[in-house]
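Visitor: The structure under discussion is supplied below as C-alpha cells; questions concerning it will follow.
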Amino acid sequence: MDQAASAYSEQPERLDAGAPQRRAITLEPGGSLTFGRSAESDIRLDDPQIGAQQARLTRSADGAYRLENL
C-alpha cells in the first residue's frame with residue numbers, strides 16, 4: 001500500500017466539537033454530520049449568521065471527507 005492510500009483508514013475518526021463544551025464525535029466511513037442552528041443538526045451552532053442547516057460533513061467508504069455547504 002502506498003503512503004497516500006495508507007493515510008485513509010476504515011477506522012472511525014474522532015472529531016472534537018470544540019470549547020467550551022468539548023465532546024468527541026465518531027464519524028464512521030459512509031457516515032455524515034450536519035451543522036447548523038436547527039435542533040435537528042448533529043452539531044448545533046448557536047449563531048444568527050449560521051443557517052438552520054448550514055453544512056454537511058460526509059466520510060466516504062474509502063475514508064475521504066467532503067464538506068458541503070447547504
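Visitor: Surrounded by 12 or more Cβ atoms within 10 Å (Cβ to Cβ), part of a loop (DSSP other than H, G, I, E, B) and in contact (Cβ under 8 Å) with a residue 12 or more places away in the chain: is that true of residue 50 in this structure?
Guide: Yes, satisfied.
Visitor: Right, next: Residue 12 versus (1) in contact with a strand residue (DSSP E or B) (Cβ under 6 Å, 6 or more places away or on another chain); (2) modelled with pLDDT of 90 or more; (3) loosely packed, with under 15 Cβ neighbours inside 10 Å: which is the lone unmet condition?
Guide: (2)
Visitor: Determine which member of the set 23, 44, 56, 66 is surrounded by 10 or more Cβ atoms within 10 Å (Cβ to Cβ), out of contact with any Gly (no Cβ under 8 Å at 6 or more places or on another chain), at pLDDT below 90 and not β-branched (Val, Ile, Thr).
Guide: Only one candidate passes the filter, namely 23.
The values are calculated or read from the model by the stated rules, or taken from the named source; none is laboratory data. Computed from a predicted structure; not experimentally measured. Quick reminder, even Gly has a Cβ in these numbers, built from the backbone with ideal geometry, and neighbours come from all protein chains shown.
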